[in-house]
Each structure stands twice: as C-alpha cells, then as structure tokens.
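> This is the structure I have questions about; it appears just below.
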Amino acid sequence: METKQLQKIADTLRYEAVRMVWEGKDGHPGPALSIADIVTTLYFDEMNIDPDNPGWEDRDRFILSKGHACPIIYAALNEKGYFTEKIEHFNLRALHSDFQGHPVSQKTVGIDSTSGSLGNGIAIGAGMAIAGKFHKKDYRVFVVVGDGELQEGVVWEGINVASSHKLDNLIVFVDRNGWQSGGSVEDVIGGNNVAQRIGAFGWHTIEIDGNDIDQIKKALAEANSVKGKPIAIVADCIKGKGLDFMENDNAWHKGVPTDEQFRQAGIQLKGDAK
Amino acid sequence: MKDFKGTREAFATAITELTEKNPEVMFISSDSLKAMRAVPYAEAFPANYIECGIAEQGTVNVAAGLSTCGIIPFVATYAGFLTMRACEQMRTFIAYPNLNVKFVGINAGLIGGEREGVTHQFYEDVSILSAIPNFTIFLPADGNQTYHAVKEAAAVNGPVYIRAGSGREVDVYDKETPFSLDGVRILKDYGRDTVIFASGFVLDRALEAAEILKKEGVSVTVADINIINGKDPSKIISLIRSAGKIVTVEDQSINGGMGSYIQALVCEHDPKIVRKLGLKTFAESGPAKELADAYGYSPEGIAELVRA
C-alpha cells in the first residue's frame, strides 16, 4: 500500500485509540500512539492475514508484548474488519467487554496471544516460530516490545532461545521511545543501547525511525531476507506521537484526555474543523 | 511397554510412546533432558525435543506459543522451578487461555528433593497450582502410576500438572493398573475406624501404618488420592461419609494441598475430625528414607496420628 494511505490509516487508528480511552475513561494512550505506524504497516501492508479466518493456520502471527498499548491493536483489528460489525463503542476495560485492559486471546477475535504482563512476548513468539518451522510453514511471527520492558529477565530468555533455534521467522520490533512507567529508561536503568544488547545475542538488528512508514517498510524488506537469525527492528518512536499535547510527555503513559483534548485529537488526527 | 524404574524413566517411556502415536507431542526442556532421563527420546525424535536452556519462564512461554499452533508440549523439569519461578507464566499464559500444555514437576516433596536440600525440595507446588483455575493436578504415587498419568494427561484437553519424584520412590502399584480418573483408589480396606487419605510417594508408608494399626485392633482404610480439585469428587465424598475419623498424609505443605482439599470436602459434606500430616517448616538435606522418617512420615508416625 502507498505510504500516504498508510499514514492516513495510522492517524485513524490513533484517533480511534484515543477515542476508546476517552470513552472508557481509562487506558494508556501514549504507548499506543508510539507504535501506530508500526502496527499500521504490519496489519495493512505486511502481514499475511485474513480477518474472515482469524485462526487460519498459515497466517502471520502478531503479539503485542507491551500489552498496555492494546487500544491501537483493537483499533487496527476493527479497521481491518475482524469483527462481525464495525465497533462503534469499544467499552474498553468495562465489565463484560470484549476489549480487556490488556489483550486476551480468548476474548478478542484476532488476538494471537494474551499479553500485558511485561517481558513475555518474545518467548511466546519463539514458540510460535518453532512450531512454524516444525510444521514446515512459512508464516512469520511479529512481536512488539517496549524498551522499558527489556528490563524483564524473561525477555532475554526468549532472545536466547530464538537465537539458538535460528528463528529467522521471528521479527521483533522494539518501540524505543525512551520512556517507561516511572520515567525515562536511561534514568531508571542507566542505558538504552538496545541494538547492541540484542545484537550480542546473535540477532540481526536494524535501527530505524519507528514513526517513518517508509523506513518501517524498508526494515521489513531487509528482515525478510535474513537467514538463520531472528531479527530485531529497533524503532525510535515518539511516545504519544501525533498529538502535540501528548508527544514525549510521560504523563500520558496512562491517562484520559479531557473533552477539549479529545476535540484537539479530532483536529490533529482527523482534520476536524478547529 | 518398555521397562522403566521410577518417575523420571516413567515419563520418558510414556512420552516416547505418545510421540510415536502423535507427532505433535513435544518435550520442552529447561536443560532437563538428562534429568528427565529423556536422552533416548531426543535421539529418536530430534525435532520434537525443544531445548530452552536453564530458563523456566521462557520455557513455559515457548510452550504457550507452540500450543497455540497445535503442538502438545510437555514441559518437564524441577517442580519448584516450574511452579515458583515460572508460576506467573503457568497462570497467565497457560491456565488463563486454557492452553493444552502438560507439566511434569520432578523432585517434588522431601522424598523427591532429599539430599539436594531445601533449594531442590519442592513442597509448595500443589498449594500454588491449587489456587490457579483450569489446572488439572495429577499426583501419581510411584513410577508406574506416573507412566499412566503422563498418558492420561495427553487425553485431557487443557493444562495438566503431574507431580513426580526423584526416581527412587517405592513402587506401590503394578505396571498395568491404570491411573484412576475417580481421583481416589482404595488400596487397603480393614475397616472404617479411620480412613487415611495419602498422596504421592508416602503411600507405601501409609499402607505400612495400616498394618501396624491392624495388629492393635484399629481398622483402617488407606485410599490413594491421585487427583485433587477434580470435577467429580463424588467417590471421595462417599468414602468421607463412611469414615469414623480422617487422616491425610502428603509430602507437601500442610496448607493448600491434598489435606486442605479433603478438609474442605469434609467440612462441606460430612463434618468430622481431620488430622493432617504435611510440612510446616523448611526441611534439610538427607537420604529420602531418613528424611521422611525425621519429618513425621514414618509408618509409626502416621499410626500415631491415627491413634491421637
């Protein structure tokens, strides 16, 4: 798909993510907007998926390891047509809602893995990738992790296993927006040299601007040509990307826009009249 | 059936037979291939042996991923490294989505961990998993029952935990007796003054206690509880109703295991005195037999609890 079209979809997803948080009065909009361009490129350009057959065994898999950013995935699944009817009100985080606070595979159509307890997505993805090779299928497994999330030890267990099993069908995006719940990643743990660290485990690493769809496409093309190694695309992203009042302000890690801020979101993301 | 000795070889034999019939069965290892006596398995089915290294949380997650793609993974390693270190993964990524993953935890209990000491003696595993929905918990009493439990686990659609030992357990069962899906099997029925419910590798000791008591004119029934929190406890409940007094014996924490399960059934259906034998403290290194005797599991110790 043309980059311009994808950018438009990305902004639609951003708006929908903000709308569901605003309506539901709870959620993590900053982390969701950070990865909107990656998610859009995957769902609308790259992944081999069929919304009418979400359990299709040859499909590419997707795991949102940083599960708190799920509003952007719910929006993507909705736009892509995964639900019988297009969802108007997500009832995010409400009792009996299909749209849980963090992704749940058995509650939401199109979610390949439950996630949200940080650190687990890469190893789960490695399991799916091993199964793909075992079954001689050529699907790929995509995982999106946060940079703060990399502090979890189990992340490196997954990175280790993926390397030893030579999982070139596993492609991990690291959303390196530099922020985590408690503050900046650098302040919390002293360093954020992601590519160097993952590269040391024998992965193929690519560094890009994660809010630039052309760069995301290029990185995916490179990833698809790698043989014998898992791939990490370290994507420098802006937390809250797309809304001027949200960008790089970690107060939006979790937060609910006011009615006025939501109106601003309409202007900035949808082109509503001022 | 190939010959085997103890719970670990029982596992290796059973998973080999399962994989021969169904190539989707896999052994997922946390560097536990040798510990599970599964080297011949890996040689026979190299593609079905998935090594994840000394990394139990990652191992359980890999099993979760495999399971979503139709594989039937058996994660087998030390009981505590699974149920304690990887507890969250077993809960959130296996039990919550109700994935078809099987776990075999070895070195369970004092008798399982014995000389290794407290770091490798795991007597909390059943308590921990009892708190997690969707888990089927199998407590085979010896190697022969472990073999059948592993086979039976493959027939369950959903997460199963099988508690296994070191491989030096006393055989109580013969090789042919199947793993009872009633959750209970009466092994000695001298009368119902007291019913002793025993689980796991202390069953032989409970049986010996019954012989001691018989000589004293105390009539005891010994029942093996091999599944806890099962869907249909009716057979256990009818045994409870027939009992004068109840004693539970398990090589596990006194809180949250089989004893607590029986106690709850007794309270709910036919209140009477229940005396529980289980661990209340951390133990120490020692040969299995001596250790079990020292911590109250001697046949005489069990008999004493019945007399009390």
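The values are calculated or read from the model by the stated rules, or taken from the named source; none is laboratory data. Every value quoted in this text rests on a predicted model; they were computed, and no experiment measured them. Positions of Cβ are backbone-derived with ideal geometry, glycine not excepted, and every protein chain shown enters the neighbour counts. Please note that ligands, DNA and RNA were not included when accessible areas were found on the heavy atoms of the full protein model with its side chains. Shrake-Rupley method; radii C 1.70, N 1.55, O 1.52, S 1.80 Å.
> What number goes with the only condition from (1) away from chain B (no Cβ under 14 Å); (2) under 19 Å from A:Phe142 (Cα atoms); (3) open to solvent by 30 Å² or more (accessible area, probe 1.4 Å); (4) without any contact (Cβ under 8 Å) to a residue 40 or more places away in the chain that A:Gly182 does not pass?
(2)
> Suppose the filter is more than 14 Å from every other protein chain (Cβ to nearest Cβ), open to solvent by less than 40 Å² (accessible area, probe 1.4 Å) and small (Gly, Ala, Ser); does A:Ala94 pass it? First the steps, then the outcome.
Values: more than 14 Å from every other protein chain (Cβ to nearest Cβ): yes; open to solvent by less than 40 Å² (accessible area, probe 1.4 Å): no; small (Gly, Ala, Ser): yes.
No; evaluated as a whole, the condition is false for this residue.
> Kindly evaluate B:Ala288 against the criterion of being open to solvent by less than 60 Å² (accessible area, probe 1.4 Å) and among the hydrophobic types (A, V, I, L, M, F, W, C).
Yes, satisfied.
> So which residues in the range A:100-143 are among the aromatic types (Phe, Trp, Tyr), under 15 Å from A:Met47 (Cα atoms) and either part of a strand (DSSP E or B) or open to solvent by 10 Å² or more (accessible area, probe 1.4 Å) (or both), if there are any at all?
Result: A:Phe142, single match.
> Can you go through A:Gly148, A:Gly127 and tell me which one is out of contact with any Lys or Arg (no Cβ under 6 Å at 6 or more places or on another chain) and within 13 Å of chain B (Cβ to nearest Cβ)?
Residue meeting the stated conditions: A:Gly127.
> Here is a check on your reading of the model: is B:Ala108 under 15 Å from the mean Cα position of the chain (by Cα) and among the small types (Gly, Ala, Ser)?
So B:Ala108 passes the test.
> Which of the numbered conditions does B:Val274 fail, given that it passes all the others? Conditions: (1) open to solvent by 70 Å² or more (accessible area, probe 1.4 Å); (2) under 22 Å from B:Glu216 (Cα atoms); (3) not aromatic (Phe, Trp, Tyr).
B:Val274 satisfies all of (1) open to solvent by 70 Å² or more (accessible area, probe 1.4 Å); (2) under 22 Å from B:Glu216 (Cα atoms); (3) not aromatic (Phe, Trp, Tyr) except (1).
> Kindly list, by first and then second residue, each pair from a residue in the range A:97-111 that is over 17 Å from B:Asn98 (Cβ atoms) to a residue that is open to solvent by 40 Å² or more (accessible area, probe 1.4 Å) and outside any loop (DSSP other than H, G, I, E, B), limited to pairs with Cβ atoms under 9 Å and residues at least 6 apart or on different chains.
A:Gly110/A:Lys80
> Taking the criterion of being touching a residue at least 12 places away in the same chain (Cβ under 8 Å) and touching a Gly at 6+ places or on another chain (Cβ under 9 Å), would at least one residue in the range B:147-160 satisfy it?
Checked the range B:147-160: no residue is touching a residue at least 12 places away in the same chain (Cβ under 8 Å) and touching a Gly at 6+ places or on another chain (Cβ under 9 Å).
> While we're looking at this one, here's another question. Quick one: which of B:Gly70, B:Gly53 is touching a Ser or Thr at 6+ places or on another chain (Cβ under 8 Å) and farther than 24 Å from B:Thr146 by Cα?
On the way: B:Gly70 fails: touching a Ser or Thr at 6+ places or on another chain (Cβ under 8 Å).
After ruling out the rest, the residue left standing is B:Gly53.
> Conditions first: (1) out of contact with any helix residue (DSSP H, G or I) (no Cβ under 8 Å at 6 or more places or on another chain); (2) open to solvent by less than 50 Å² (accessible area, probe 1.4 Å). A:Asp175 passes all but one, so which condition is the exception?
Among (1) out of contact with any helix residue (DSSP H, G or I) (no Cβ under 8 Å at 6 or more places or on another chain); (2) open to solvent by less than 50 Å² (accessible area, probe 1.4 Å), the lone unmet condition for A:Asp175 is (1).
> Moving on. Has the range A:69-91 got any residue that is modelled with pLDDT of 95 or more, touching a strand residue (DSSP E or B) at 6+ places or on another chain (Cβ under 7 Å), part of a helix (DSSP H, G or I) and of a type outside the set (Ser, Thr, Tyr)?
Yes; the residues of the range A:69-91 include at least one that is modelled with pLDDT of 95 or more, touching a strand residue (DSSP E or B) at 6+ places or on another chain (Cβ under 7 Å), part of a helix (DSSP H, G or I) and of a type outside the set (Ser, Thr, Tyr).
> Does A:Gly81 satisfy the condition of being away from chain B (no Cβ under 14 Å) and open to solvent by 10 Å² or more (accessible area, probe 1.4 Å)?
The answer is yes for A:Gly81.
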